[in-house]
1. Given the criterion in a helix (DSSP H, G or I), of a type in the set (D, E, K, R) and not assigned by TED's automatic domain parsing to the domain that holds R334, identify the matching residue among E441, E422.
2. What's the number of the only condition in (1) without any contact (Cβ under 8 Å) to a residue 40 or more places away in the chain; (2) surrounded by 19 or more Cβ atoms within 10 Å (Cβ to Cβ); (3) not hydroxyl-bearing (S, T, Y) that I549 fails to meet?
3. Do you know which of the residues in the stretch 598-634 that are of a type in the set (G, A, S) and surrounded by 15 or more Cβ atoms within 10 Å (Cβ to Cβ) is farthest from G33 (Cα to Cα)?
4. Does L210 satisfy being in the same structural domain as N185 (by TED's automatic domain parsing) and more than 19 Å from G172 (Cα to Cα)?
5. So which residues in the stretch 210-227 are surrounded by fewer than 17 Cβ atoms within 10 Å (Cβ to Cβ) and either at pLDDT 85 or above or in a loop (DSSP other than H, G, I, E, B) (or both), if there are any at all?
6. Is there any pair linking a residue in the stretch 2-14 that is modelled with pLDDT under 80 to one that is outside any helix (DSSP H, G or I) and surrounded by fewer than 16 Cβ atoms within 10 Å (Cβ to Cβ), with Cβ under 6 Å and at least six apart or on different chains, and which?
7. Kindly indicate which of E144, E127, E105 is charged (D, E, K, R) and crowded, with 17+ Cβ neighbours inside 10 Å.
8. For the stretch 394-420, which residues satisfy the criterion of being surrounded by 15 or more Cβ atoms within 10 Å (Cβ to Cβ), closer than 14 Å to D327 by Cα and without any contact (Cβ under 8 Å) to a residue 60 or more places away in the chain?
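The values are calculated or read from the model by the stated rules, or taken from the named source; none is laboratory data. All values reported here derive from a predicted model rather than from experimental measurement. No Cβ is skipped: glycine too gets one built from the backbone with ideal geometry, and neighbour counts run over all protein chains shown.
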Amino acid sequence: MNKNMFQHKIDGLRSEIERHNRLYFIEDNPEIGDREYDELMLELLQIEKENPELIIPQSPTQRVGSDPLTEFSQIDHQIPLLSLGNAFDDDDLSGWHERMSGLIESDKFALACELKFDGLAVALVYENGLFVQGATRGNGATGEDITSNLKTIRSIPLQLIGDYPPRFEVRGEVYFPKSAFEKFNADRETNGLATYANPRNTAAGSLRQLDSAVTAQRPLDIFIYGLGWVEGNFQIPQTHIRCLEYLKTLGFKINPFNELVPDLEHAIEFHRKWVQNRNSIDYDCDGIVVKIDSFDYQQHVGTVGREPRWAIAYKFPSTQSITKLLDIGVNVGRTGTINPYAILEPVNVGGVTVKQATLHNEDYIKAKDLRIGDRVVVERAGEVIPQVVSSQKNHRNGTEQKFWMPRECPSCKSPTNRNPDESALYCTNSSCPAQLVRLVEHFVSKSAMDVDGVGGKLGNSLIQSGLISDVADIYTLEREQLISLDRMGEKSTSNVIEAIADSKDRPLSRLLVALGISHIGTEVAENIANRFGNMDKIMKAGVESFTDIPDIGPKIAESITNYFRSSSNILLIHKLKLAGINMNKNSDNDPSEPQAQVLRDIRFCVTGRLNQFSRSEIQDRIKELGGTVSGSVSSLTNYLIAGEEAGSKLSDAARIGIPVLSEDDFLAMIHQRPFYDDDA
């Protein structure tokens, strides 16, 4: 293949990959699964490796991070990135609108209403449709060059589509989606790493990494909220909303909730709507931005100081409030941690009445110097979880009391102990009743043994009535014992007995999660099960055997080995074995006979409500038998498994010609290989 042919092939691959990036990250409408996407990237990487002279900075392969920098260079903004003035109530917004009406000499002008994202403002420069430079806001006049880091964000197009100016700048806000941030923190905690405080600061810190490979590991996103400048005589739409619609056609990600309204009253309605719905979106948002829609009017009213007159931020009601810290209580977690919490004088925080808030641990209380009787600032972290932020020390009158963590467990009165290397305090009694309540809730949860019908209330009743003293006792329960409990009729008792029996055959990884070993989540448990194959080998393994496994460091390895050194935990495992619980990697109870990989190289997609499996169960089963599962139907899907109320995936399968299986068809498939041979 000559150079021209290589160039043609590379151009086609780059265009195809960027198209799939746009479909997935911007339009939320993927056409292919992860494997197909990875295959395209691998093909492009291989050709570029063999022809390094054909690599360009805008290639999709360059998103993964470049060589670390020693410092960021400075970039002067052609037009300053200005700050916004604030409105805190309807009167403030009305006052702004009245001032603009006076300058325009009319109160008849349309307004663009947008959500105000809580992220990091950036400016992106494009030349001939290629992304060439990206910078932070900085001080408004000068920012830092973070081009390499911004390239790692898949929703930023490296090459535009359509008709665009030869050189121009767009402005946007980079943010860390809340769902992705929660998973990111959970993964760090599982791996024994420190967690981060909030999405906004983490997004800002991620963009200021000198090593862009670090940024690439963090699932940042962006919304473009405006045009910065355009060089030349290229004609662009002359209103803000139409300009955003135009930028969307070029491949930029624009917030779908932008709205053009005719007057002030409708802008106020837009604000009220999002005050009520702010928690329904997957990113931090602290208000709305109201802009004069016409660019001519924007230019006419101009700017004052560091703020444009033509735009204003109308903030949401504060999610911080001040109240009194009445007392500090403690509860016992499933791993024996003694967790302090604040008992507050009831206060409204962002529309929710808060009576209690997390205090994390003893170190947190000391660092904040929180005392019983203090006036404290309370906020809803991530606008969901209440926490005490600080105390107002200048309001103290001398009656406030310091708090000391208990020397005895509040539940069982056993001594408490703190490992010098950890911030948590622990109950030393592994049979502590309070621990058992939390452990039962965890053990029967969907991500663990998935014992449907045995929730927190029933678990507590079983403990209080003396029917169980550890989680293994769940498997000794009899019908007569259950039906004697409050609110347990014939049908609910039968369902629980059946669910308990079904749970015995869960894979080893689910059992490892269910045991509640510190720092052991789903992925770590699967890695351990894959490495050792059965529980006996896991129990005998040393720290070094675990640290050889990906994603397991010394802290997690020590947590596992400490768990299996405990005589009470060894006894628990023995009881679970006697109860018939699967102790092997697969659910056939025979590690020497691995399950046949009868679904190898077969790709499934699952949709609708299933009757014989949960969604996670059928996906686990497919993977155990060598198959793969994708989240969407494409030409590479071999079968769609469809339950009741199947949606668009069923239509997609019919359109592409993908065979559709019922649950019974799938069960027949995994027991009779000829059912799905090539002529199926």
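1. Result of the check over E441, E422: E441.
2. Among (1) without any contact (Cβ under 8 Å) to a residue 40 or more places away in the chain; (2) surrounded by 19 or more Cβ atoms within 10 Å (Cβ to Cβ); (3) not hydroxyl-bearing (S, T, Y), the lone unmet condition for I549 is (2).
3. The extreme case among them is G608.
4. yes
5. L210, D211, Q217
6. Listed by first residue and then by second, the contacts come to F6/N51.
7. Within the list E144, E127, E105, the selection yields E144.
8. E400
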